[in-house]
Every structure is written in structure tokens, then in C-alpha cells.
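The values are calculated or read from the model by the stated rules, or taken from the named source; none is laboratory data. Keep in mind it's a predicted model, so treat the numbers as computed, not measured. In this analysis, Cβ positions are derived from the backbone assuming ideal geometry, glycine residues included, and neighbour counts consider all displayed protein chains. Note: areas computed on protein heavy atoms with side chains; ligands, DNA, RNA excluded. Shrake-Rupley method; radii C 1.70, N 1.55, O 1.52, S 1.80 Å.
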Amino acid sequence: MLISRSFLAGSAAKAAALVAVGALALTGCSSSGGSTTTDSGVKLIESGKLTVCSDIPYEPFEFVKDGKNVGFDMDLASEIAKDLKVEPNVLTVAFEGIQSGQALNTNQCDVAISGISITDARKTVMDFSTPYLDDDLSLLVTKASGLKTLADLKGKKVGVQQGTTGEEYAKSKGLETIQYENTGLLIQAIKTGGVDAAINNQSVLGFAAKGDNSLVFAETYKTGEKLGVAIKKDNKAMTESVDKTLKRLADDGTMTKLKTTWFGEAAK
């Protein structure tokens, strides 16, 4: 997240990213000979691979470390792919393209795993797995700012990520928002003074603020947000397969271990 971007500039970048990823996805499919169906009846757009759309970086859910995609969601993607007996293939797609349903509906990917909050609006354009994480919104500020509540943000610049529930919440409260295409730019903006505060999911902001004594959580908003894996509408076989994996991870304790690894303590 680096310099403040206007909404128009962010939209242009987002469109370019979607076109590029679309080309990548099409290239991948043509080289592999097209779609295929697994032994469990799940149709994949590329043979031998579970193609996953994700908005990278979005720490600690998905980011690049030592040249590899890592994070909580990336671990989930690997587990889902393992149960399907295929390899995960992650494509970086702007979040707007994911949450609008465009990435799934144009067959750029089989599933989208990117810290996606389950909302009624999104349910009209995509299906969701059972929730895998509760994740309310939080307000992150610098200690030096003295900001403590939403009321303190009047006339201030509030950073949000485009297309997220954090953006919707900030706008619903009449705040002046500056949109960023990804969380990396958003966090950098608050650290460098590009914005006065940031509103986003507590898991993401908590990871970003960890170990940085200049940043502090001012408030948390109990929005009841739950995160899920997004799947193309009416793809029941994929939904059932993903849910089966999530149940296995919950039952055998793997989910708790993953949450402890990436969030510092087991989330609900």
C-alpha cells in the first residue's frame, strides 16, 4: 500500500491486473489441454491443478516470502488441493475482481481464497464454503495521532482497501476514505503518513501492527464478519469438497494449529 492513489488510478490498475490475470489463466488452460474432472466429480479448469484466485499481498492470509506464496489462506488452498489429489496454482487477482464474482464467473479460477467476508451481496454472485474464521473490523492508528474513536476521524483521511467491508463500513459512517488496491499499500500509507488511520479486518491489521510500537488498535467493531472460500455459483461438487476439507481440518486440530501459526493465538 505506498502513495495515496485516487479511486480512478486504483480502478485503472485494477482493470489492468484483471486483464493480465485473465490472459495468464487462459494461457494456463490452453497449455494443459482444457478442463478436467477429478475422481470425486469436481470439475477443474486446468488438469491436475486447483486454480486459486487471491489478492496478494494480504498478510497474514496471503503474501510472498522467499519467492513463495505463503499465509493462512495459502495453507488452506494446499489442504483443499491435497484432498482433491491435485496441486494448488495461485493467481494474483485484484480484490475487486474477486468480490464482484468476475474472476470466478469468467473461469479464471476454481475457487477464490483471499480473506473474503461472507455477505448477502456477494452471495448473489458467488457461493461460499462454511465459514472458516470470524473476523471483525478494527481501527488502526499511530500512537502519535491521538485518535481513539470514529468521532475523532472527522476531517481525517481514512485508508481502506477497495471493495472490502472495511471500505463499506467507513463510508457508511460518513468518513473521508482513500482506497488502496491491496493491504500492503494500505499499511505502508499509515506508516508513512499518507492516511491518518486505517479500517480493515482485525486479523490483517493485527498481523501488520505486530512488533510495531508506533501503531495501536483504537477500536474494534463487532460486525459479525465470517470468512469463507468463494466458489462459482451452483458448483455444488466443489462446495461440498471444500466443506469436507474444512471439516477435516477442524476435526483433526489442523485448523487450530494454522490459526495459532498465523494469528499468534487461535481465532474462533
Collect the residues in segment 122-144 that are open to solvent by 50 Å² or more (accessible area, probe 1.4 Å), at pLDDT 95 or above and either hydrophobic (A, V, I, L, M, F, W, C) or in a helix (DSSP H, G or I) (or both), keeping them in residue-number order. 123
Condition set under 19 Å from residue 171 (Cβ atoms) and part of a loop (DSSP other than H, G, I, E, B), scope segment 200-240, selection least open to solvent (accessible area, probe 1.4 Å): answer is 225
Scanning segment 61-72 for residues that are open to solvent by less than 50 Å² (accessible area, probe 1.4 Å) and of a type in the set (D, E, K, R) gives 62
Tell me which residues, restricted to segment 146-168, are open to solvent by 50 Å² or more (accessible area, probe 1.4 Å) and in a helix (DSSP H, G or I). 151, 152, 168
Within segment 73-100, considering residues that are of a type in the set (Gly, Ala, Ser) and surrounded by fewer than 19 Cβ atoms within 10 Å (Cβ to Cβ), the one nearest to the chain's Cα centre (by Cα): 100
Restricting to segment 60-81, what's the tally of residues that are without any contact (Cβ under 8 Å) to a residue 12 or more places away in the chain and either of a type in the set (S, T, N, Q) or closer than 11 Å to residue 242 by Cα (or both)? 1
So which residues in segment 169-186 are open to solvent by less than 10 Å² (accessible area, probe 1.4 Å), outside any strand (DSSP E or B) and not β-branched (Val, Ile, Thr), if there are any at all? 170, 186
If I filter segment 241-268 down to residues being in a loop (DSSP other than H, G, I, E, B) and modelled with pLDDT under 95, which single residue comes out as surrounded by the most Cβ atoms within 10 Å (Cβ to Cβ)? 267
